[in-house]
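These notes concern the structure reproduced below.
The values are calculated or read from the model by the stated rules, or taken from the named source; none is laboratory data. Treat the numbers as computed from the prediction; the structure is a model and nothing was measured. Because the Cβ atoms are built from the backbone with ideal geometry, glycine has one as well, and the counts that use them run over all protein chains shown. Note: accessible area is taken over every heavy atom of the protein model, side chains too, but ligands, DNA and RNA are not part of it. Shrake-Rupley method; radii C 1.70, N 1.55, O 1.52, S 1.80 Å.
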Amino acid sequence: MLLGTLHPAIRLVVGVAVAVDVGERRIVTIEGLADKDKLHPVQSAFIERDAIQCGFCTPGLVMTSAALVEKNRNPSMDDVK
């Protein structure tokens, strides 16, 4: 079920529960990945290579790729798979 299909009060509770569950960990969204006016290298790479999917897919692909590169600056094809 999509969160948007839930009653607004339930969405609020779910959103708060998710925020509480992360504890002290940092949350980064696709909107917060860039550094002010400078895109993250992964965002730039997606644009340069026309690697755009739908509005639902692309943010997840960018964030997953950025997380991979943050942990491993030179990932192999096996790492990517």
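List of remarks:
- Filtering segment 43-62 to residues that are among the β-branched types (V, I, T) and either farther than 23 Å from N74 by Cα or open to solvent by 50 Å² or more (accessible area, probe 1.4 Å) (or both) leaves I47, I52.
- If you go through segment 33-42 and keep only what is open to solvent by less than 40 Å² (accessible area, probe 1.4 Å) and either outside any loop (DSSP other than H, G, I, E, B) or in contact with a Lys or Arg (Cβ under 6 Å, 6 or more places away or on another chain) (or both), you end up with just V42.
Okay, residues lined up against (1) out of contact with any Leu (no Cβ under 7 Å at 6 or more places or on another chain); (2) not in a loop (DSSP other than H, G, I, E, B); (3) not charged (D, E, K, R):
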| position | (1), (2), (3) |
| --- | --- |
| S44 | yes, yes, yes |
| D50 | yes, no, no |
| G55 | yes, no, yes |
| T58 | yes, yes, yes |
| L61 | yes, yes, yes |
| E70 | yes, yes, no |
| R73 | yes, no, no |
| D78 | yes, yes, no |
